[in-house]
Every structure is written in C-alpha cells, then in structure tokens.
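The values are calculated or read from the model by the stated rules, or taken from the named source; none is laboratory data. For clarity, every value in this text was computed on a predicted model and none was experimentally measured. Heads up, the Cβs are rebuilt from the backbone with ideal geometry, glycines too, and the neighbour counts pull from every protein chain shown.
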Amino acid sequence: MILTDKEILAAINRGEILISPFDPTCLGTNSYDVHLSPYLATYVDDVLDARQHNAIQHFEMGEEGFVLQPGTLYLGSTVEYTETHATVPFLEGKSSVGRLGIDIHATAGKGDVGFCNHWTLEISCSKAVRVYAGMPIGQLIYFKVEGGIENYYNKKHNAKYNEVNVRPVESMMWKNKW
C-alpha cells in the first residue's frame with residue numbers, strides 16, 4: 001500500500017519518516033518532491049571495474065546550471081536528507097524531468113527501511129539538457145511494510161552507504177564479497 005499525503009504527514013509526526021528540509025508545498029497526493037543538489041560527479045576513468053574502487057570527480061553547479069551530455073553517467077544527490085524507519089521509500093523521476101529526456105536512476109529506485117541519508121542519483125540523458133541546483137528532480141513514494149524488521153539498513157554492519165554525505169557517492173560494489 002502506498003502512503004497518501006495524510007499518511008506521510010502522520011508518519012512524519014510519529015518520527016517514522018524524516019525529510020529535511022521539509023516543505024509542505026512539495027507534498028503531493030501520494031508522494032514528496034525532492035530537489036537536485038548543486039553537487040554532481042562523474043567517474044574519472046572511461047572503463048569502470050566492478051571489483052575495484054572507481055574514483056569520481058565532484059563539481060558544483062553555479063547559478064547558470066550545468067548542461068548534461070548524452071553518453072555520460074552523472075552522479076547527483078538530493079537536497080533533502082531523508083530517514084525512513086517503518087516504510088520502504090521508492091524514488092521515481094518526475095514526469096516533467098522524464099519529458100526532458102532525463103533518467104534519475106539506473107536501477108536503484110528502492111530504498112531500505114532504515115535508510116538515513118541524501119539520495120545519490122544515477123543521472124543520464126537522451127539529449128543535452130541544462131539542469132539547475134534546486135530544481136525538482138524526483139519524488140519519494142512510501143510503501144507500508146508488513147511484518148517485523150530484523151535488519152534496518154542504518155544498523156547493518158555491512159551497509160555501504162550509511163556515511164551521511166550531501167555530495168553524490170560512487171559505487172561501492174567493490175566492497176561486496178563475491
């Protein structure tokens with residue numbers, strides 16, 4: 001079941017969801033709009049290796065924005081820091097963003113109960129497009145969970161993305177045991 005606007009507000013009041021900064025005008029019927037931070041990053045190397053740490057280069061958008069180029073993977077982040085303690089958050093792109101040819105996540109649209117951080121976005125585009133810090137970039141949708149939870153993400157000893165960071169974070173696949 002997807003939470004409605006009233007249920008999202010009730011969950012915030014109970015401390016089950018935290019969104020900071022929170023702006024009530026960003027609350028939709030059954031979602032909350034999140035915004036693009038000024039921080040972007042790209043990978044340094046042309047060929048990435050899933051078994052190695054791949055370095056990224058961070059940069060900050062100015063007021064003039066930044067032109068995304070097709071064929072380049074950009075990592076971005078949300079302005080909003082979120083915590084989710086009793087629901088599963090899903091991050092989806094806004095339709096207005098999709099209609100500009102921008103995808104905000106390659107595969108990682110679902111968060112975990114216990115995720116407490118800014119969201120890293122995996123941004124790609126089909127045409128060159130200028131984006132701006134603070135623009136609406138996606139929406140969080142919250143799903144109810146049935147049953148008890150044994151492994152909250154923020155308490156897992158092997159969770160790779162628990163360090164709070166306002167800047168986008170590169171893949172930590174290399175930390176997996178396989």
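Examine region 112-135 for a residue that is under 21 Å from Asp5 (Cα atoms), loosely packed, with under 15 Cβ neighbours inside 10 Å and at pLDDT below 95, and state whether such a residue exists.
Checked region 112-135: no residue is under 21 Å from Asp5 (Cα atoms), loosely packed, with under 15 Cβ neighbours inside 10 Å and at pLDDT below 95.
I'd like the residue in region 37-76 that is in a strand (DSSP E or B) and among the polar types (S, T, N, Q) and, out of all such residues, is farthest from the chain's Cα centre (by Cα).
If we take residues in region 37-76 being in a strand (DSSP E or B) and among the polar types (S, T, N, Q), then Gln57 is farthest from the chain's Cα centre (by Cα).
Scan region 37-57 and give yes if some residue there is modelled with pLDDT of 95 or more, in contact with a Leu (Cβ under 6 Å, 6 or more places away or on another chain) and within 28 Å of His157 (Cα to Cα), otherwise no.
The answer is yes; a qualifying residue exists.
Would you mind finding the one in Val113, Val88, Val79, Val34 that is in contact with a strand residue (DSSP E or B) (Cβ under 9 Å, 6 or more places away or on another chain), part of a loop (DSSP other than H, G, I, E, B) and of a type outside the set (D, E, K, R)?
Val113
What pairs come up if the first residue lies in region 9-21 and is farther than 14 Å from Cys116 by Cα, the second is among the aliphatic types (A, V, I, L, M) and outside any strand (DSSP E or B), and their beta carbons are under 9 Å apart, counting only those six or more places apart or on different chains?
Filtered contacts from region 9-21: Ala10/Leu3; Ala11/Leu3; Ala11/Ala86; Arg14/Ala86.
Within region 1-21, track down each residue that is assigned to a loop (DSSP other than H, G, I, E, B) and either surrounded by 15 or more Cβ atoms within 10 Å (Cβ to Cβ) or among the β-branched types (Val, Ile, Thr) (or both).
Matches in region 1-21: Leu3, Thr4, Glu16.
Quickly run through region 95-111 and pick out the residues that are at pLDDT below 95 and surrounded by 15 or more Cβ atoms within 10 Å (Cβ to Cβ).
His105, Gly109, Gly111
When only residues in region 66-93 that are of a type in the set (A, V, I, L, M, F, W, C) and surrounded by fewer than 19 Cβ atoms within 10 Å (Cβ to Cβ) count, which is farthest from Val145 (Cα to Cα)?
Val67
With (1) out of contact with any Ser or Thr (no Cβ under 6 Å at 6 or more places or on another chain); (2) outside any helix (DSSP H, G or I); (3) over 30 Å from Val44 (Cβ atoms); (4) at pLDDT 95 or above as the list, and Gln139 as the residue in question, which single condition is left unmet?
Looking at each condition in turn, Gln139 falls short on (1).
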